[in-house]
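Contents: one structure, followed by commentary.
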Amino acid sequence: MLRTEIIRVNEAWVGLPDATVTNSFQGGYSPRRIFGPARLLRLLYGGGLGAEGFAKHPSNVPGQYWFAEADVLRIKNRLELDARKGAPDRATYLNRMAFALRNEFRQLLAVCRDWTPRFDTLARLTVPPGKSVVGLVGPARGQNVYSSSFPGHEQAVAPDTHLAGGLTQYVLRFDVPANGGAPDWIRDGLSFDSLYR
């Protein structure tokens with residue numbers, strides 16, 4: 001569990017959060033200071049053509065949406081037994097874990113496929129001891145697998161295409177004075193299997 005304290009919204013955000021940000025939370029958010037040592041992760045897409053045939057630009061590494069690395073271990077431990085069942089070798093196990101983790105992150109963070117068709121790598125924001133970052137914190141809101149702005153999303157709405165959400169998300173802006181040095185703490189290009197070796 002990350003150590004945080006509640007702060008004022010104007011300390012965590014420039015102006016007021018827009019509807020895209022506020023609607024990404026299930027039941028609201030809390031403006032918070034997140035104290036180091038802490039590690040946050042961000043899912044990254046390398047860009048190009050998605051499975052549905054539409055092109056997307058690569059993810060912005062110092063983007064807004066992050067989650068706690070500690071949640072990876074909890075999720076990994078839950079998925080590990082299934083990934084090991086019948087796996088003939090370590091490579092098969094690692095492939096299964098990478099697939100399972102990608103699927104769980106999409107579900108628990110409710111990342112629509114038209115926003116990010118796939119997750120290629122991760123970025124890690126390591127907040128050093130004695131330092132902090134500020135942002136909006138709360139559970140991710142569930143939604144359909146395609147956003148309402150995606151053409152034909154109505155045909156893709158079915159009970160099995162709902163993304164549950166619920167994982168705690170940390171929405172950060174790096175133009176907030178308190179987060180000025182935070183981009184220097186980001187390392188990108190991390191592979192999924194590097195999280196659970």
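So the values come out like this:
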| item | result |
| --- | --- |
| Size of electric dipole in region 4-195: Cβ of Lys, Arg +1 and of Asp, Glu -1, about Cα centre, debye, nearest 20 | 420 |
| Ser148-Asp184 pseudo-label distance in nm [points 7 Å out on the Cα-to-Cβ vector] | 4.3 |
| Pairs of Cα atoms farther than 17 Å apart, region 55-134, % | 57 |
| Calculated over the chain: convex hull of Cα atoms, volume per residue (Å³) | 134 |
| Lysines whose Cα lies under 23 Å from that of Lys85, excluding same-chain neighbours fewer than 8 positions away | Lys76 |
| Debye log10 I(q)/I(0) at q = 0.18 Å⁻¹ for region 17-71, Cα point scatterers | -0.87 |
| Estimated FRET transfer efficiency when R0 is 41 angstrom, pair Ala70-Leu49 (beta carbons, to 0.05) | 0.75 |
| Structure-based [θ]222 nm, the chain - -39500 (n - 2.57) summed over DSSP H runs of at least 4, per residue, nearest 500 | -7000 deg cm²/dmol |
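Readers should treat all values here as calculations from the given coordinates under stated rules, not as data from a laboratory. Just so you know, these numbers come straight off a predicted model, no measurement behind them. All Cβ positions, even for glycine, are placed from backbone atoms using ideal geometry, and neighbour counts span all protein chains on display.
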